[in-house]
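Quick one: structure below, then a few questions.
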Amino acid sequence: MQDVKIRNIIIVGGGTAGWMVAAGMSRLIQDDDIKIRLIESAQIGTVGVGEATIPHIAYYNRLLGLDENDFVRKTNATFKLGIEFVNWGKQGERYIHPFGAYGVDMEGLHFHNFWHRYNQMGQAPHIDNYCLQIRAAKMGKFQRPDARLKNSPLNSIVYAFQFDASLYAKFMSDFAQARGVVRTEGKITQVSQAPESGNVQSVTLENGDVYDGDLFIDCSGFRGLLIEQTLKTGYEDWSAVLPCNRAVARASQSPGEPEPYTRATAKKAGWQWRIPLQSRIGNGHVYCSEFMKDEEALDSLNKDLGETPISEPNFLRFRTGIRKKTWNKNVVSLGLAAGFLEPLESTSIHLIQTAIARLMASFPDKNFAQSNIDYFNSRTHLEYEQVRDFLVLHYHATERDDTPFWRYCKNMAIPDTLKNRIDLYKENARLYRHDNEVFGETSWFSVMHGQGITPKTYHPLANSLPEEVLAGRMVQMHRTIENCLDQMPSHQEFIDANCNFETKSIDKR
Amino acid sequence: MANPQQNALKNIVIVGGGSAGWMTAAALSSMLSPRSVSVTLIESDQIGTVGVGEATIPDIINFNAMLGINEAEFLKATNGTFKLGIEFTDWGQKGESYIHPFGGHGVDMQGIDFHQYWLHSKAGGNPAKLQDYSLCALAAENNKFTLPDQNPRSVLSHMRYAYHIDATLYAKYLRKYAEDRGIKRVEGKVETVQQQNENGNIISLTLENGDVIEGDFFFDCTGFRALLTDKTLDVPFTDWSHWLPCDTAQTLATERVGPLLPYTKATAKTAGWQWRIPTQHRTGNGHIYSSQYMKDDEAIEVLMEGLDSKPLGEPRKIRFKTGYRETLWNKNCIAIGLSAGFLEPLESTSLFLIQMGISRFITLFPTADFSDAVRDEYNIQMRKEFHQVRDFIILHYVATQRDDSPFWNYCRNMSIPDSLKRKIDLFKEAGRIFRYDDELFSKPSWIAVCIGQNILPKSTDPIVGSLPHDQVEHSLGTMRNAMKQATQKMPMHSDFLKQYGAAV
């Protein structure tokens, strides 16, 4: 039998995507026959700015077998309970999209149906009072879930991280290199392809060195060195529904204790992020160049920085969309080489992580079966579409009409998949999670409700509980959450006790 | 925001008894208070039901649990037995057989599916069959049964099961359940249907005796006739008989003899297949075939030859057309059961599709002035359900090497839905199977049928290939021994049933 085993894997580009896949493969492929090499050039910068994540990153960390405190300490990380959205539905309004659920589901129905009913019965407290994560975020508190506490919301705290993406890449790089991944410094100047198949055969560096490979992972960022410049795969443009195409990022001094949440504030022609790390704040203004000039965008960023900047502004350009095939021939693209969705819901690292998992599940041999590639591509595409829909919701569900940008967003045509979902919620507060999508019912509810979509009515079976019983349970839930808050340490206290960035040097002694 | 009470449905009418009608009635009665909604079921003793010995899949346990039905009581009332899977004989090739068990095979390791390890080990000369690593299949082969252990570390946590029941008795049991909870049963035959002029919604039904039953929401559970869906609302039927050409069944009960098997048998025949479903007192049999390829007389002969005990009565003929209605919810009416569509019972999905029709309705529970968004969502979700089941059934016919009859020659060469083709192609390549969109039949089911019918992948997972041979063999051996020992300790199915839920 012909030997079809893949022996040489070449990863092109060493940002977050490149080192994540290197780390993942170094852990999962326990085969001395398979060599993994990552080529990166110190001359080419990475996009990495302050990066926020979603809770699924815990799976990746577990897969790698990381010690979480060690990881937090080395990446200047803080904990994240959700995202605060300011000025999205209307100017002056704000809400938090939490990672954990609201209240407790009853009678097989989602909690929000009961809250709607309770609200109708009289004066229900704000929905936020039924979500421990939101309350804790606002009070600057954090702790990990405590599984020993039965029947307490404290046993189901769901969290993610906010960290320095360059330090994260460094962390992954150390992990991968300790497990046999070879790092090669150099700039790729030439790519050669097999004559019949068009598969990539080798890459040549500036210094003349040639590296052959069986499988190439393109993590070269927006330019897509292999997937686009070599293979001319093509790009599906989604800027009609997500028109922002520029960002300017800048770090600022930390004003004090870091908040355990990310903030996304809507602005005239886009929005601004604020990601608190242990020792500084990451900021960035995402905007649409058709509606705003670069200078104005920078002014606006500076004005809303709040604290003294500690780095020069870094301008980025992008186009929202996805590569027509994220896996083409023997090249798999990851990260920005695969596609771009703005970081409004912190999905960048998640999309890298799931693509790696999918690649490992579909790990090819040298025949590169088309059915295998087609499967990978269709699932990746679906996943990007699902995230896209959720992002579009934020722009579309708005009453803002104060700028041409917002008038455009409010009136633009949206994908049918999203339209159906909004219509269904408006009708009777029903929400579904489709096809294993990353954002579940809590997330869809949080944003729809937070941005002012009110359903005509709620689920009729929510009326099955007698009024007194419902009122009693609602009061009890509210009280339980307040009691939990009393026991939680502040975010800073938790970090100091477990994983302080500044104390790193002491550990090394 | 309005309280849903203001526009609440007040009068729900179910037309037709049988499994679909009474499952719907029972589920609604468990959810709704008779003070706020009246639910009426109209059925006629003159119209028979199709109900034969019925095999189910594990999801029915959830349905019964939703209703709060006690399992032992249910088994007694329905003459029920336990089912651990289906034995398929003569499907891939004549003389071969395999079990499609509930529950998976072996244990996944390092994030890689178990069957990849098995394929690797088989290539290295291990003669053990895939089903030797399935606890349900082992128990089935030995006529043993026990309930699953809740402790996830116990081998017995791998047990999954469903039931074989008498569907007529199940409907009777649910009727009592529903009537006890305030459902009104009206005896009578629907003569005419009245619709609103502007929007075509159904407003009332007139019975033979002149009584008028009004309603604001209707369930069409009238079986193949589809009285409301087809006759009144004229909803088009999508025909799938080019993929599933069987269109007739001959059914016959036989005396119960021999050991009580905890599994269904499905044996392929010249132009179709024959089922064997063991209930406590008798055995249900049926021969399903394509009338294009076989005459009724011959089909009856085949049926009789395939029986293993004395017939009770004469064979009964049932005609059907495979396919479904793309929109199951039209106007203010939902079709549930055979009025919604028909897929042959090869994988025991009939009651499951009824159950899904009901539970989807309950999660979407509309007000009287519901909008298209609600109806569309229901139809989209149900459509997916039917397509997924359809593909899995077609797999059994297309994955065959039989060329001994024109029927099998047709099936082997027919063009199949793209969704199924992609799945088979991917499996052929390196044995990969993925579960889409929470589909009913998950990985282990696809693997059992693909491998059972000789679709062997060209290569296996490259990562498994790189693991040390001894280590893989050792893991497999340990699993197999643990399952064998657990099976030996289990009681016989008939003994277990005797002390647990024997009918009088």
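Each value in this text was obtained by applying a stated rule to the coordinates, not by laboratory testing. Keep in mind that what you see is a predicted model, and the values were worked out from it rather than measured. Here the Cβ is made from the backbone with ideal geometry for all residues, glycine too, and neighbour counts use every protein chain on show.
Which of the peptides A:400-413, A:271-284, A:113-126 is most tightly packed, and how do the rest follow, judged by the mean count of other Cβ atoms within 10 Å per residue?
Values: A:400-413: 15.2, A:271-284: 23.6, A:113-126: 17.6.
Packing order, densest peptide first, comes out as A:271-284, A:113-126, A:400-413.
Here is a further query. Would you grab the residues whose amide H sits under 5 Å from the one on residue A:80? Only those 5+ places off in sequence or on another chain, please, with H modelled 1.01 Å from N.
Sorted by chain and number, the residues that satisfy this are A:160, A:161, A:162.
Using 5 Å bins from zero, what percent of all Cα-Cα pairs in segment A:189-248 falls into each bin?
Percent of Cα pairs in each bin: 4, 14, 21, 21, 15, 7, 8, 8, 2.
Additional query: Among all the lysines, which ones have a C-alpha under 23 Å from residue B:176's C-alpha, if same-chain residues fewer than 8 places away are not counted?
Straight-distance partners of residue B:176: B:10, B:76, B:184, B:189.
Would you mind pulling out the separation of the Cα centroids of segment B:80-137 and segment B:270-334, in Å?
Value for the Cα centre distance between the two parts: 27 Å.
Follow-up. Throw me the Rg/Rh for segment B:442-489, computed over C-alpha atoms with Kirkwood Rh, two decimals.
1.06
With all pairs of different alpha carbon atoms counted, what Kirkwood hydrodynamic radius in Å does chain A show?
Kirkwood radius, chain A: 24.3 Å.
What does chain B give for Rg and for Dmax, in Å, if only its C-alpha atoms count?
23.6, 79
Give, in whole angstrom and from largest to smallest, the semi-axes √(5λ) of the equivalent ellipsoid of segment B:349-453, with λ running over the eigenvalues of the Cα gyration tensor.
Here the semi-axes work out to 33, 15, 12 Å.
For segment A:169-276, what size does the Cα cloud have along each of its three principal axes, sorted from largest down, in whole Å?
Here the Cα extents, ordered largest to smallest, are 55, 41, 22 Å.
Could you derive backbone 3J(HN,Hα) for segment A:475-492 from the dihedral phi with the Karplus parameters 6.51, -1.76 and 1.60 (θ = phi - 60°), listing whole Hz in sequence and x where the residue is Gly or Pro?
5, 4, 4, 4, 5, 4, 5, 4, 4, 4, 4, 4, 8, 7, x, 6, 4, 5
How long, wide and thick is segment A:105-187, going by the Cα atoms along their three principal axes, in whole angstroms, largest first?
67, 32, 27
On average, how many beta carbons from a partner chain sit within 10 Å of the beta carbon of a residue in A:425-432? Don't skip to the answer; put the middle values down first.
Numbers: counts 1, 2, 11, 10, 2, 7, 0, 5.
Across the residues of A:425-432, the mean count of other-chain Cβ atoms within 10 Å is 5.
Using the Kirkwood radius over Cα pairs, work out the Stokes-Einstein diffusion coefficient for segment A:220-320 at 10 °C and 1.306 mPa s, in µm²/s as a whole number.
Value of D from the Cα-based Kirkwood radius: 106 µm²/s.
What value in Å³ per residue do you get for the convex hull of the alpha-carbon atoms in segment A:348-452?
Dividing the Cα hull volume of segment A:348-452 by its residues yields 129 Å³.
After finding the eigenvalues of the alpha carbon gyration tensor for the protein assembly as shown, what semi-axes result from the square roots of 5 times each, listed largest first in whole Å?
Values: eigenvalues 522, 289, 143 Å².
They are 51, 38, 27 Å, listed largest first.
Along each of the three principal axes of the Cα atoms of segment B:1-142, give the extent in whole Å, ordering the values from largest to smallest.
Principal extents (Cα only, largest first): 68, 47, 28 Å.
Can you list the residues, at least 5 places off or on another chain, whose amide H is less than 5 Å from the amide H of residue B:323, using H built in the peptide plane?
Long-range HN contacts for residue B:323: B:240, B:342.
Could you put B:221, B:246 in order, starting from the residue whose Cβ has the fewest other Cβ atoms within 10 Å?
Ranking B:221, B:246 by Cβ neighbours within 10 Å, fewest first, gives B:246, B:221.
Take every residue in peptide A:27-33, count the Cβ atoms of other chains within 10 Å of its Cβ, and give the average of those counts.
On the way: counts 0, 4, 3, 5, 5, 1, 1.
Mean number of neighbouring Cβ atoms from other chains: 3.
Taking the radius of gyration and the Kirkwood hydrodynamic radius from Cα positions alone, what is the Rg/Rh ratio for segment A:300-387, to two decimal places?
For segment A:300-387, the value is 1.14.
Report, to two decimal places, the Cα Rg of segment B:269-361 normalised by 2.2 N^0.38 Å (N = number of residues). Numbers along the way, then the final one.
On the way: Rg = 16.1 Å, N = 93, 2.2 N^0.38 = 12.3 Å.
So the Cα radius of gyration is 1.31 times the expected 2.2 N^0.38 Å.
If I model segment B:390-498 as equal point scatterers sitting on the Cα atoms and use the Debye formula, what is log10 I(q)/I(0) at q = 0.20, 0.21 Å⁻¹?
So the normalised log intensities work out to -1.07, -1.11.
If you wrap a convex hull around the Cα atoms of segment A:33-123, how much volume per residue is inside, in Å³? The partial results should precede the final answer.
Details: hull volume 21.6 nm³, N = 91.
Expressed per residue, the convex hull around the Cα atoms of segment A:33-123 is 237 Å³.
Something else: What nm value, rounded to one decimal, do you get for the distance between residue B:317 and residue B:241 when each label is placed 7 Å out toward the C-beta?
1.4
Another question, if that's okay. Starting from the Cα of residue B:47, step 7 Å along the direction of its Cβ; do the same at residue A:417; then give the gap between the two resulting points in nm.
It works out to 4.1 nm between the two label points.
Moving on. Let me know the charge dipole size of segment B:368-497 about its Cα centre in debye, to the nearest 20, where only the beta-carbon of Lys, Arg (+1) and Asp, Glu (-1) is charged. Don't jump to the answer; show the numbers that get you there.
Values: 17 positive and 18 negative charges, 97 e Å.
Using Cβ point charges on Lys, Arg, Asp and Glu, segment B:368-497 gives about 460 debye.
Additional query: Starting from the Cα gyration tensor of segment A:154-205, multiply each eigenvalue by 5, take the square root, and state the resulting semi-axes largest first in whole Å.
So the three semi-axes of segment A:154-205 are 37, 17, 12 Å.
Also, I was wondering about something else. Considering just Cα atoms, how many Å³ per residue does the convex hull of segment A:316-364 enclose?
75
Whole percent per 5 Å bin, from 0 to the bin with the longest distance: what is P(r) over all C-alpha pairs of segment B:186-305?
Result, from short to long distances: 2, 9, 14, 13, 11, 10, 11, 13, 10, 6, 2, 0, 0 percent.
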